[in-house]
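Only one structure is covered here, and it is reproduced in the block below.
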Amino acid sequence: MDKSIEVTGPSGAKPRRRFSRNKIMLYGVLIVMALYYLLPLYVMVVTSMKGMPEIRIGNVFAPPVEITFQPWVKAWSEACTGINCDGLSRGFGNSIQILIPSVFLSILIASVNGYALSNWKFKGSEVFFTILVIGAFIPYQVMLYPIVIILRELGLYGSLWGLVLVHSVFGMPILTLLFRNYFSSVPEELFKAARVDGAGFWGIYFKIMLPMALPIFVVAIILQVTGIWNDFLFGVIFTEPSLYPMTVQLNNIVNSVQGVKEYNVNMAATLLTGLLPLVIYLVSGKLFVRGIAAGAVKG
Amino acid sequence: MDRSKNSPESESARRPWLKNINAKIAALPMIITALGIFVGCSIWTIVHSFTNSRLLPKMDFVGLDQYERLWSTRRWLVSIENLAIYGICSLILSLLIGFTLATLLDRKIRFEGVFRSIFLYPFALSFIVTGLVWQWILNPEFGVQKIVRAMGFENFVFDPLYDPQLAIYGILIAGIWQGSGLIMVIMLAGLRGIDEDIWKATRVDGIPTWKTYIVVIIPMMRGVFVTALVLIASGIVKVYDLVVAQTSGGPGIATEVPAKYVYDKMFAAQNLAQGFAASTMMLVTVAIILVPWAYLEFKGKKRG
């Protein structure tokens with residue numbers, strides 16, 4: 001327990017024996033908690049690589065005796081939802097098709113909004129912004145049906161573009177807040193200098209603000225990609241079954257009542273669905289935390 | 001286009017709407033969303049909750065009939081009760097676990113990053129994935145019960161999702177697993193914002209660490225706690241996917257929640273006005289939580 005000497009933390013000059021006992025307790029609690037958080041992931045990974053006979057007789061925690069990737073293949077290309085038996089690959093394709101335009105459109109709109117709100121305030125702009133932020137707290141259920149009607153009138157109900165529009169609308173409050181706060185922190189002189197040079201609204205946006213705001217764009221992209229990928233409610237309401245995103249299809253595959261429950265295939269399917277946000281989370285690290293911290297400011 | 005920059009005053013005096021016209025055009029999506037969707041759609045739903053729309057919305061007003069029916073429907077009452085249990089428990093547990101984990105991580109430990117990643121990763125997963133995972137862990141033929149029985153405790157029973165009395169707590173376990181990491185991150189940010197001098201001062205005074213947290217640190221983090229509280233609370237009202245994936249509301253109606261009631265009435269039972277009335281009640285619930293908070297925030301800003 002030599003390392004306790006280096007620790008110059010809050011519990012500084014206490015007797016050394018008690019100190020190291022505290023440390024053992026501390027790490028003990030942390031490790032137990034970590035196990036609770038890791039357990040479900042471990043069970044899923046292990047089970048998804050076992051065959052069905054092994055699952056029936058064996059222990060859930062035991063690592064697979066014979067590693068097989070058959071469940072993964074089946075989940076991806078053969079699992080059935082209703083009469084369609086082309087696996088999760090269809091849902092994956094749909095989710096990608098929904099994801100890319102939704103992320104692009106929502107961030108484009110919100111960044112321009114945030115820019116207008118911080119640098120080009122006009123009469124009433126703050127009022128609209130306040131309504132927008134308060135609107136983020138309204139339960140979606142209150143607005144669902146009227147939006148169905150609006151989309152039907154626009155001829156977009158059931159299509160991917162309808163869903164893209166819905167994602168852009170509901171992503172707007174938090175993203176606008178994010179960009180508004182960022183652009184407000186840009187020194188005013190920079191903006192004024194550009195004005196003196198004759199740059200207009202769009203000129204300043206594209207030539208000065210956009211390049212400068214790249215980090216916040218990354219945060220916004222992380223936020224939107226995970227949020228839209230994980231969405232279930234909008235997907236199930238605003239698209240038709242052949243266009244269901246991956247989360248909806250996953251739920252239909254796993255919770256279908258017919259047939260024997262193939263735990264290994266189901267868990268492989270679940271892992272496949274969770275893979276993208278998980279990878280983004282692990283790769284982006286601090287930026288992910290920044291994104292949700294921004295969400296937290298929204299409340 | 002941008003004429004206003006030449007003589008903003010005179011231009012805006014003559015035609016005020018032309019001033020800043022580009023910004024106004026750019027903000028159009030926001031204005032449409034704010035007024036058309038957030039305000040417009042909400043009012044539309046509230047108004048239609050006083051009608052007897054069934055398959056299609058119609059303006060046939062019946063007063064408070066829908067609300068009377070709603071509050072005498074057993075399924076709705078069960079939903080509200082579940083929301084209350086889930087809400088109160090997850091508020092307390094999320095705050096407790098989130099704060100505890102944050103303080104542990106703040107004790108200048110090794111591998112802080114690793115622990116933080118482990119506690120936060122469930123938050124990256126969807127509620128559907130979370131619900132399914134915990135459906136399996138809590139499944140008596142597959143998960144915890146089977147393991148404990150295999151260890152020799154033949155009569156061990158742990159099947160919360162099959163017991164109507166306990167099922168909602170099964171959902172609670174999953175919800176906490178998914179969301180407590182977020183609270184930890186917020187709390188950790190709050191703890192990091194506290195001045196080192198405070199710690200030095202309490203150490204000089206000989207106040208024990210645990211007491212410092214309770215007496216000094218927590219009161220200082222009031223704002224962080226309020227943020228976390230609002231965050232958890234507004235998430236609770238929306239809880240839907242988790243229940244759909246984990247239990248589909250079962251066994252029976254034991255784990256129904258208001259958001260699911262609304263969805264089923266609107267899109268499955270073709271009883272639109274019931275759905276509108278139920279969703280309006282959800283809005284009222286959120287307002288009850290938010291208005292005091294907004295009031296406090298606003299008052300605080302005015303003072304500062």
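With each run of n ≥ 4 DSSP H residues scored as -39500 (n - 2.57), what mean residue ellipticity at 222 nm is computed for chain B after dividing by its residue count and rounding to the nearest 500 deg cm²/dmol?
Taken over chain B, the calculation gives -19500 deg cm²/dmol.
Past the 19 angstrom mark, what percentage of all C-alpha to C-alpha distances in segment A:193-288 do you count?
61 percent
I need two numbers for chain A: Rg to one decimal and Dmax as a whole number, Cα atoms only, in Å.
Rg then Dmax for chain A, in Å: 24.8, 77.
Which far-off residues, 5 or more places away or on another chain, put their amide H under 5 Å from the one on residue B:51, with H placed in the peptide plane?
Amide H neighbours of residue B:51, under 5 Å, 5+ apart: B:62.
Taking R0 as 35 Å, what's the FRET efficiency between residue A:66 and residue A:31 from their Cβ-Cβ distance, rounded to 0.05?
Efficiency at R0 = 35 Å is approximately 0.70.
R0 = 56 Å: FRET efficiency of residue B:77 with residue A:275, Cβ-based, nearest 0.05?
Between residue B:77 and residue A:275 the formula returns 0.90.
Could you compute how much accessible surface residue A:143 exposes when probed at 1.4 Å, giving the result in Å² to the nearest 10?
0 Å²
Could you go through segment B:248-255 in sequence order and give the Karplus-derived ³J(HN,Hα) for each residue, using 6.51 cos²θ - 1.76 cosθ + 1.60 with θ = phi - 60°, rounded to whole Hz, and x for Gly and Pro?
My calculation for segment B:248-255 gives 6, x, x, x, x, 10, 5, 10 Hz in order.
What is the sum of charges around residue B:184, taking Lys and Arg as +1, Asp and Glu as -1, for the other residues whose C-beta is under 14 Å from the C-beta of residue B:184?
That works out to +1.
Given 0.36 nm per residue, what is the gain on full extension from residue B:35 to residue B:146 after removing their alpha carbon distance, in nm?
Full extension of this stretch gives 34.5 nm more.
Starting from the Cα of residue B:22, step 7 Å along the direction of its Cβ; do the same at residue A:218; then give the gap between the two resulting points in nm.
2.9 nm
Would you mind giving the mean number of other chain beta-carbons within 10 Å of the Cβ of each residue in A:128-137, as a whole number?
6
Of B:128, B:252, B:177, whose Cα points farthest to the positive end of the dipole of segment B:65-303 (charges on the beta-carbon: +1 Lys, Arg; -1 Asp, Glu; origin at the Cα centre)?
Most positive-ward Cα: B:177.
Please work out the Cα center distance from segment B:107-162 to segment B:20-55, rounded to the nearest Å.
42 Å
For the pair residue B:112 and residue B:288, how long in nm is the line joining their label points, each one 7 Å along Cα→Cβ?
Roughly 4.1 nm, to one decimal.
Could you pull out every residue, at least 5 positions away or on a different chain, whose amide H is within less than 5 Å of the one on residue A:81? Hs are placed 1.01 Å off N in the peptide plane, and Pro or chain starts have none.
When sequence neighbours closer than 5 places are left aside, the close amide H contacts are A:86, A:87.
Which length gain, in nm to one decimal place, applies between residue B:64 and residue B:153 when the Cα-Cα distance is subtracted from 0.36 nm times their residue separation?
Length gained, residue B:64 through residue B:153: 26.5 nm.
Explain nothing, just compute: Karplus ³J(HN,Hα) = 6.51 cos²θ - 1.76 cosθ + 1.60, θ = phi - 60°, for every residue of segment B:236-244 in order, whole Hz, x for Gly and Pro.
For segment B:236-244, the Karplus-derived couplings read 4, 4, 7, 4, 8, 4, 4, 5, 4 Hz, x marking Gly and Pro.
Full-extension gain between residue B:269 and residue B:92, please, as 0.36 nm times their residue separation minus the C-alpha to C-alpha distance.
Length gained between residue B:269 and residue B:92: 60.2 nm.
I'd like the mean, over residues of A:112-120, of how many other protein chain beta carbons sit within 10 Å of each residue's own Cβ.
Mean number of neighbouring Cβ atoms from other chains: 5.
Please report the spacing between the Cα centers of segment A:115-171 and segment B:176-227 in Å, no decimals.
Each part reduced to its Cα centre gives a spacing of 37 Å.
With charges only on Cβ, +1 for K and R and -1 for D and E, what is the dipole size of segment A:89-298 about its Cα centre, in debye, rounded to 20?
Approximately 280 debye in magnitude.
Take the residue pairs A:123/B:299; A:23/A:286; A:123/B:265; B:58/B:238; A:23/B:238 and return only those whose Cα atoms are more than 30 Å apart.
Table pairs above 30 Å Cα-Cα are A:123/B:265; A:23/B:238.
Given a 1.4 Å probe and every protein chain left where it sits, what share in percent of the accessible area of the protein assembly as shown is carbon and sulfur?
For the protein assembly as shown, the apolar C and S fraction of the accessible surface comes to 67 percent.
Could you name the aspartates and glutamates whose alpha carbon sits less than 14 Å from that of residue A:50, not counting residues in the same chain fewer than 8 places away?
A:66, A:262
I need the calculated FRET efficiency for the pair residue B:196 and residue A:104, taking r as the beta carbon distance and R₀ as 41 Å, to the nearest 0.05.
0.40
What does the average come to when, for each residue of peptide A:87-98, you count the partner chain Cβ atoms lying within 10 Å of its Cβ?
For peptide A:87-98, the averaged partner shielding equals 0.
So if the hydrodynamic radius of the protein assembly as shown is defined as the Kirkwood radius over C-alpha pairs, what does Stokes-Einstein give as its diffusion coefficient at 20 °C and 1.002 mPa s, in µm² per second?
Translational diffusion coefficient: 81 µm²/s.
Buried accessible area between A and B (1.4 Å probe, both chains summed, ligands and nucleic acids excluded), in Å² to the nearest 100?
Accessible area lost upon association: around 8300 Å².
Please report the spacing between the Cα centers of segment A:77-105 and segment B:233-304 in Å, no decimals.
Cα centroid to Cα centroid, the span is 28 Å.
Binning at 10 Å from 0, report for chain B what percent of all alpha-carbon pair distances ends up in each bin.
5, 18, 23, 22, 17, 10, 3, 1, 0
Output ³J(HN,Hα) for segment B:196-208: one whole-Hz value per residue in order, computed from phi by the Karplus curve 6.51 cos²θ - 1.76 cosθ + 1.60 with θ = phi - 60°, and x for Gly and Pro.
Rounded to whole hertz, the list is 4, 4, 4, 4, 4, 4, 5, 5, 4, 6, x, 7, x.
Can you tell me, using C-alpha contacts under 8 Å and at least 6 residues apart, the relative contact order of chain B as a whole percent?
Relative contact order of chain B: 26 percent.
Write down the accessible area per residue of segment B:65-303 in Å², having rolled a 1.4 Å probe over the full set of protein chains.
43 Å²
Accessible area, 1.4 Å probe, largest first: how do B:217, A:96 sort?
A:96, B:217
If a cysteine in the protein assembly as shown has no other Cys Cβ under 4.7 Å from its own Cβ, put it on the list, ordered by number.
B:41, B:89
Ignoring everything except DSSP H segments at least 4 long, calculate the 222 nm mean residue ellipticity for chain A; use -39,500 (n - 2.57) per segment, divide by total residues, nearest 500.
Calculated mean residue ellipticity at 222 nm is -22500 deg cm²/dmol.
The values are calculated or read from the model by the stated rules, or taken from the named source; none is laboratory data. Every value quoted in this text rests on a predicted model; they were computed, and no experiment measured them. Note that we place each Cβ from the backbone using ideal geometry, even for glycine, and neighbour counts take in every protein chain shown. Just the protein is used for accessible areas: all its heavy atoms, side chains included, with ligands, DNA and RNA removed. Shrake-Rupley method; radii C 1.70, N 1.55, O 1.52, S 1.80 Å.
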